[in-house]
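Data block below; observations after.
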Amino acid sequence: MTPPLTLAQLTELLLKFRRDRDWEQFHTAKDQMLSLTLEAAEVLELAQWREGDALDQHLLQSKEALGDELADVLNWVLLIAHDQKINIADAMVKKIAKNAIKYPIAEAKGRADKYTAYQRETPDAGS
Ligand SMILES: [Mg+2]
């Protein structure tokens, strides 16, 4: 088993992989975003046409394939973040904090509603 790597170390591995193949020239922001979405769709493909226990069983039997596709998604996230000069760890921490505000425990616990279901009517400034 590989020792745990930081996001920065994983990014360095990806950058070396890309540099060694001279692929940076193809990695426009648009094509990277497109690739991220295509890889996310490959994750979803593992669930296509399956429900409930059959889906659970399929995912159990497809752990390597699921890991491969999740890795493909994360690879693009890390490359996009690197190229767009986004510190993805900082972005994640900030986003978790934003989600904590959007989804207060008192209102969201045990509910699957979108945050808009918790928004309260705010009185108009003039009335
Ligand atoms: Mg893939």
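The values are calculated or read from the model by the stated rules, or taken from the named source; none is laboratory data. Since we're looking at a predicted model, the values are computed, not measured. So basically every Cβ, Gly included, is an ideal-geometry build from the backbone, and we count neighbours across all protein chains shown. What goes into the accessible areas is simple: the full protein's heavy atoms, side chains included, and nothing from ligands, DNA or RNA. Shrake-Rupley method; radii C 1.70, N 1.55, O 1.52, S 1.80 Å.
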Worksheet item: Can you give the extra length, in nm with one decimal, that the chain gains between Asp56 and Lys30 once fully stretched, where that is 0.36 nm per residue apart less the Cα-Cα distance?
Response: 6.0 nm
Worksheet, complete the sentence: Close lysine pairs (the stretch 8-127; alpha-carbon distance under 22 Å; 8 or more apart or on separate chains) counted at 14
Worksheet, complete the sentence: Relative to the chain, whose Cα atoms define the longest principal axis, helix 29-45 and its Cα axis are tilted in degrees, nearest 10, by 80 degrees
Discussion item. Please compute the modelled spin-label separation between Leu13 and Ala108, points set 7 Å along Cα→Cβ, answer in nm with one decimal.
Written reply: 3.0 nm
Worksheet item: If one takes the longest principal axis of the Cα atoms in the chain, at what angle in degrees, from 0 to 90 and to the nearest 10, does the Cα axis of helix 63-83 lie?
Response: 80 degrees
Worksheet item: Based on the alpha-carbon gyration tensor of the chain, what equivalent-ellipsoid semi-axes (square roots of 5 times the eigenvalues) come out, in whole Å, largest first?
Response: 33, 24, 15
Worksheet entry | Within the chain, helix-based [θ] at 222 nm, where runs of 4 or more DSSP H residues each add -39,500 (n - 2.57), nearest 500 | -20500 deg cm²/dmol
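In the stretch 41-92, how does Rg compare with the Kirkwood Rh, expressed as the Rg/Rh ratio over alpha carbon atoms?
Reported Rg/Rh (Cα atoms, Kirkwood Rh): 1.15.
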Worksheet item: How large, in percent, is the carbon and sulfur part of the accessible surface of the chain at a probe radius of 1.4 Å?
Response: 59 percent
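Put Val93, Val77 in order of accessible area, largest first, 1.4 Å probe: what do you get?
Val93, Val77
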Worksheet, complete the sentence: Sequence order, the stretch 108-114: Karplus ³J(HN,Hα) from phi using 6.51 cos²θ - 1.76 cosθ + 1.60, θ = phi - 60°, Hz rounded, Gly and Pro as x, gives 9, 4, x, 10, 9, 5, 5
Response to the item:
Nearest 10, in degrees from 0 to 90: the angle of helix 7-21 to the longest Cα principal axis of the chain is 40 degrees
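Leaving out ligands and nucleic acids, and using a 1.4 Å probe, what accessible area per residue does the chain come to in Å²?
Averaged over the residues of the chain, the accessible area is 80 Å².
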